[in-house]
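Have a look at the structure below, then the notes.
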Amino acid sequence: MVTTSQKLVISGYYGFCNSGDEAVLKSILTALEEESQRSNITIEPIVLSGDPESTTAMYGVRSVHRMKLKEVREALKESDGLISGGGSLLQDATGLKSIPYYLGVIKLAQWLKKPTFIYAQGIGPVNRKIFNPMIKSVFKACTYVSVRDEQSADYLRGLGLQWNQIHVVPDPVMGLPLPETKVERSAGAVSADAATQANRVEPSTGGHTKLPVIGVSVRFWESDRKELTAIAAGLKKLCSKRAVHLRFLPFHLPVDEQASRFLMEMLGDVTSKGSEISITEDLTDPQLMLEEVSKCDLVIGMRLHSLIYAASQYVPPVGISYDPKIDQFLLRLDSEPAGNTDTLDGDKLAKTVVGLLDQRSQWLKEHEEGITQLKQEARVPAQQIINYLGRKG
């Protein structure tokens, strides 16, 4: 059997020190590699990144700067197709530039007669109607479209895409594996830098203990910080009921570390009642962050991917919603947020956490089968892309 090489450009929010988006990239790269091994195709990724040098160093793939049009065009020109995704790329809640940029990359690939694949994107919110015909035009010309929730699919159907043109799949990070074991790493598969990151802990009482570990992933959102004030009240209430280890997990550096330390200051001294508190530092490798999450007994998260990391490792997630994407993901687990950033109640948060800690085995029994199914379905876009390239070749 003759092996053919296919170059795929991958477009997304990569190279910005955001563990969630880096996890999306790592998940896509891993799924493509594993699916290609089952075929006669070798995939050569070319990643569009805000920091190409860092992306190449972290993943061992070719990368070009996402904002240098000439480099992007040349990469697309020599490629065999474009993957756009995953993540929340097409939304105007954080500004007006995202939708035109990502659609522009897809359209450029289509002008160059390249197949374009939408990989498990979360579409929206799209508040400005001017973007609707642009999205419709570009998506109708795509070779394959997959989205990560029914709300995104409904939005695209509302634009005129047919139901059978859209695959609803889980976020690709549901399929992200843990880093290789120490035995496997002994062959030199992990860098010294990654090993250093894995050991970077800043505990207040000597490191991890056998206390229940509560992962905490927060971000700044409300201007008056009332969401962090409510979380602090909930964590204080929790620590008054039982001793736990609060493990802060900043997902987007440096801003999430600032939010974490802001919250830690509000907590004061929780160690006097037997609890512990610590924070990961400079942890950008997505699999090492996934490993941190896997060690938790429960994760309280504002960042979507902190909740996805937790669920993928069969760790109960407690979501605090600032965006519909949080609600939509939890809905796939037949769950709902503990509250939203505008009206979060600290007492309710503490009660939710205590209840899950006490009934963790029951939670796992109810969710294990569904999570396993989501992890398998997360590979579907990679399978579809590899199958298309195989037929084309």
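The values are calculated or read from the model by the stated rules, or taken from the named source; none is laboratory data. Worth saying up front: this structure is predicted, and the values here are computed from it rather than measured. No Cβ is skipped: glycine too gets one built from the backbone with ideal geometry, and neighbour counts run over all protein chains shown. Surface accessibility is based on the protein's heavy atoms, side chains included, excluding ligands, DNA and RNA. Shrake-Rupley method; radii C 1.70, N 1.55, O 1.52, S 1.80 Å.
A few remarks follow.
- For the range 63-83, residues that are aliphatic (A, V, I, L, M) and open to solvent by 60 Å² or more (accessible area, probe 1.4 Å) total 2.
- The one condition in (1) within 18 Å of residue 213 (Cβ to Cβ); (2) outside any helix (DSSP H, G or I); (3) hydroxyl-bearing (Ser, Thr, Tyr); (4) open to solvent by less than 40 Å² (accessible area, probe 1.4 Å) that residue 284 fails to fulfil: (1)
- Odd one out for residue 31 among (1) among the small types (Gly, Ala, Ser); (2) under 28 Å from residue 124 (Cβ atoms); (3) without any contact (Cβ under 8 Å) to a residue 24 or more places away in the chain: (3)
- The one condition from (1) under 24 Å from residue 30 (Cα atoms); (2) at pLDDT 95 or above; (3) among the acidic types (Asp, Glu) that residue 282 does not meet is (2).
- In the range 104-130, residue surrounded by the fewest Cβ atoms within 10 Å (Cβ to Cβ) [restricted to those that are assigned to a helix (DSSP H, G or I) and touching a Leu at 6+ places or on another chain (Cβ under 8 Å)]: 108
- Evaluation of residue 60 against (1) open to solvent by less than 10 Å² (accessible area, probe 1.4 Å); (2) farther than 14 Å from residue 284 by Cα; (3) not aliphatic (A, V, I, L, M) (one fails), failing number: (1)
- So residue 220, is it closer than 19 Å to residue 338 by Cα, surrounded by 14 or more Cβ atoms within 10 Å (Cβ to Cβ) and within 26 Å of the chain's Cα centre (by Cα): yes
- Here the condition is being touching a helix residue (DSSP H, G or I) at 6+ places or on another chain (Cβ under 8 Å) and within 19 Å of residue 175 (Cβ to Cβ); of 386, 320, 300, it holds for 386 alone.
- Members of the range 84-102 that are open to solvent by less than 10 Å² (accessible area, probe 1.4 Å) and out of contact with any Gly (no Cβ under 9 Å at 6 or more places or on another chain): 99
- Just one residue in the set 43, 28 is at pLDDT 95 or above, surrounded by 17 or more Cβ atoms within 10 Å (Cβ to Cβ) and within 18 Å of the chain's Cα centre (by Cα); that residue is 28.
- For beta carbons closer than 6 Å, sequence separation of 6+ or different chains, a first residue in the range 332-361 that is open to solvent by 30 Å² or more (accessible area, probe 1.4 Å) and a second that is among the polar types (S, T, N, Q), the qualifying pairs are 340/321.
- Counting the residues of the range 1-11 that are closer than 17 Å to residue 117 by Cα and either touching a helix residue (DSSP H, G or I) at 6+ places or on another chain (Cβ under 6 Å) or open to solvent by 50 Å² or more (accessible area, probe 1.4 Å) (or both) gives 4.
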